[in-house]
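The next block holds one structure in the form of structure tokens; read it before the comments.
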């Protein structure tokens, strides 16, 4: 798992450390405080692992978009990861202006000969290889209702887009290849919408396409165009999570509460917590006090984002010296909304 990411000169993240919990990390803050930029760091690292630095940076708008505009200093991203009891500090890359160079400096901490049979250099190589697999499997989602409703062309290599595009094609593929995954999706969706018997795919308007749908307990069938935004988004979240099952990686989701009734957020978080038991780290951004309330007993999982003229600042709730006193007698979401904890719009 990745325990923290140090970022320098990336958009508003001029010099920050992003600590990540082993389970779920939830990021709160005002609009434009830097939460989405933190997820963009994860997206950049994943795309670098898949297709190389230049293509990954171009996908984010190019170097001028990525670098802090007021800074001439290099972009630097350093990840601290823990695998099999050893901690690896790895400098992923450094960039100046519009040129870049890859860095491979590594440092292994907590080294113990009793825990490892391989020489130190081979251990470092194995840890870096695991980090590469971990980042390559990492995904960042900002789900869109229009994308979830859009017909998907069914093909063997169908994959879910960051916005939920082609989710119907993925589910259609699972019907034949991985029926147990389809069953799990149905189970998760029923926990939030008990009238739903199963999630289905229906023939789309064009040959070879499918669209999302549901069959309800009374036998009625509805296509994506007749489904609520909230149900579509919940299905998208369930599929995005199930795609990660058993694959160590990070699953990051922008504002998963959108369109979902507050009482159903508990079911969603329960599903995500089960996912973390298979080595997946989950990162969420939110503006929902209700969702934040669920983390009252996990202050190490809550990151508070604030921004001033110096850029974004990130504080882990458990690092605040008075956090225990602040949390007494009031829900966490209420305290955050009131401004006591910071991370809210200025008046």
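Here r is the Cβ-Cβ distance between residue 180 and residue 298 and R0 is 30 Å; the resulting FRET efficiency, rounded to 0.05, is 0.50. In the chain, the longest principal axis of the Cα atoms and the axis of helix 179-192 are about 90 degrees apart. Against the chain, whose longest principal axis comes from its Cα atoms, helix 229-242 is set at around 60 degrees.
Reducing the stretch 154-231 and the stretch 268-316 to their Cα centroids gives an inter-centroid distance of 28 Å.
Every helix of 4 or more DSSP H residues in the chain counts as -39500 (n - 2.57), and over all residues that averages to -10000 deg cm²/dmol at 222 nm. Kindly express, to the nearest 10 degrees and within the range 0 to 90, the angle between helix 35-51's C-alpha long axis and the longest C-alpha principal axis of the chain. Approximately 90 degrees, to the nearest ten.
Here 150, 129, 210, 178 are placed in order of increasing Cβ neighbour count within 10 Å, fewest first, which gives 129, 178, 150, 210.
Using 0.36 nm per residue, how much length does the chain from residue 125 to residue 217 gain when fully extended, once their Cα-Cα distance is taken away?
On the way: separation 92, 0.36 × 92 = 33.12 nm, distance 5.26 nm.
Residue separation times 0.36 nm, minus the Cα-Cα distance, leaves 27.9 nm.
Extension gain for the segment residue 245 to residue 82, taken as residue separation times 0.36 nm less the Cα-Cα distance, is 56.7 nm to one decimal.
Since every read-out is calculated from the coordinates, none of them should be taken as a lab result. Here the structure is a predicted model, which means the values were calculated and not measured. FYI the Cβ positions are ideal-geometry reconstructions off the backbone, even for glycines, and counts take in every protein chain you see.
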